[in-house]
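The values are calculated or read from the model by the stated rules, or taken from the named source; none is laboratory data. Keep in mind that what you see is a predicted model, and the values were worked out from it rather than measured. Positions of Cβ are backbone-derived with ideal geometry, glycine not excepted, and every protein chain shown enters the neighbour counts.
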Amino acid sequence: MTIGSPNDSVKKFEEETARFREVLAKGRSAKQIELFDFLVEHSDDDRSPKEIEVAVALLGNQAALESSSDSGIRVYVHRLRKRLEDHYDGATGPRLAIPKGEYRVILEDSDTPYKATSIAKAFLANPALGSGLMLFAFAAMIFMAWLYWPTSQDPVRGNHADRQGILGTAAGLFDPVIAVGDNLLLAETEDQRSIQRMVLAPDIQTRDELSIFLQEHPEAFYQYYDFNLRFASIAALETAWNVQGRLLANLGSGDGEAELLPVSALEPELLRTRDVVFVGRLSQLGPLNTIVFSDSNLQLAAFNRLDNLTTGASYTAQVYTEGQSKAGTDYGYLSVRDAPNGRRLILFAGLGDRGSAAMAEMLNQPAEIAALREKLDGARKFEAVFEVQSPVGQPLSRRLVAAYPLP
């Protein structure tokens, strides 16, 4: 809204920009000040600057050519817009704003107190939402404490030949760690004022993947927010718990200790120095994805589909059947292979949680493992796919559909 005469409007604009620039200066964010000055400078242009022009001004020609610069500029602008909204929260009269979809600063005026619409304020305005998120965070803290707490087992050790018959040279694991598949949990908002739901996107497992998604879908930039929360299903945790006891009891592991942690927390150094046992969905492999599929006869075509590159067959699972009482078809993936630096990597995985659970159950079925090894001509490193059926009211059943030795 224009304030008085054009000259008066220009004066008010200059006063507000000078005042807010002092606020930014106290925050000591050079990029925020540089962005603000650029947007102010181009506020009277016939057209709003394009995103690439802002990127060049802030990051330089070379940096602006990188694929991550687009999302980076949107993040900078989003933060600056929020700083403006918070600065004028509750105030009346002239205020600066950055219109949605534009890269310029404008002057507005209103006799009605401005109310910021940040998600953070939704927690204060909605005690139930704030309490729910606090309970969620508390549960996450308990979950993380359980995952990272080293536990001791008292393994019932069979002889070496018995243990060799389970998973070949997987016996005698070196300082093993059990990695549980987890997902990035995103907050979804429709109005940027409140969180409608927390969502799991099977194709978005990391912040980098979220950044790529937002570059390809810019309309979703203000729809999804990353609060650095991770999620692991109850079924995956139960399977990991069972694997910890069964694996150590059947295979032995030196001092009988095993650490559990989310797969997203696996660091390169850990992969080089310790044996890893993965439990979870194939779409949750995270840093293990390249290791598993670089020399595989299979390809993860989608979160619920595995393609056989040798035969051309496809295995599609009913991953999100509603409730455990629903019957459905899943596929399990069992593998013993080398990790970097000669360490061992064992996978009790599946397209869904039922597939992973069915693979873990094989630790109690040495006859099935023996039959599998015989089919593989005794190969010590291998990968195998099983069709897993879950009839209502009956135990899971599995049927071998593909098995290959690995180099």
Checked pairs for the stretch 234-251, first under 16 Å from Gln284 (Cα atoms), second at pLDDT below 85 and assigned to a helix (DSSP H, G or I), C-beta under 9 Å and 6 or more apart or across chains, list as Leu237/Phe143; Leu237/Trp146; Leu237/Leu147; Ala240/Leu147
Considering the stretch 249-292, residues that are touching a strand residue (DSSP E or B) at 6+ places or on another chain (Cβ under 6 Å) and surrounded by fewer than 17 Cβ atoms within 10 Å (Cβ to Cβ), and then whichever is modelled with the lowest pLDDT, we arrive at Gly256
Reported set for the stretch 203-248 where residues are surrounded by 19 or more Cβ atoms within 10 Å (Cβ to Cβ), under 21 Å from Val77 (Cβ atoms) and touching a strand residue (DSSP E or B) at 6+ places or on another chain (Cβ under 7 Å) is Leu210
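Tally up the residues in the stretch 42-51 that are surrounded by 14 or more Cβ atoms within 10 Å (Cβ to Cβ) and out of contact with any strand residue (DSSP E or B) (no Cβ under 8 Å at 6 or more places or on another chain), please. Show your work before the answer.
Start the filter on the stretch 42-51 by keeping residues that are surrounded by 14 or more Cβ atoms within 10 Å (Cβ to Cβ), which leaves 42-43, 48-49, 51.
With out of contact with any strand residue (DSSP E or B) (no Cβ under 8 Å at 6 or more places or on another chain) added as a condition, the list becomes 42, 48-49, 51.
Residues flagged as surrounded by 14 or more Cβ atoms within 10 Å (Cβ to Cβ) and out of contact with any strand residue (DSSP E or B) (no Cβ under 8 Å at 6 or more places or on another chain) within the stretch 42-51 amount to 4.
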Taking the stretch 39-77 and keeping only residues that are modelled with pLDDT of 75 or more, small (Gly, Ala, Ser) and closer than 29 Å to Tyr224 by Cβ, one is left with Ser48, Ala55, Ala57
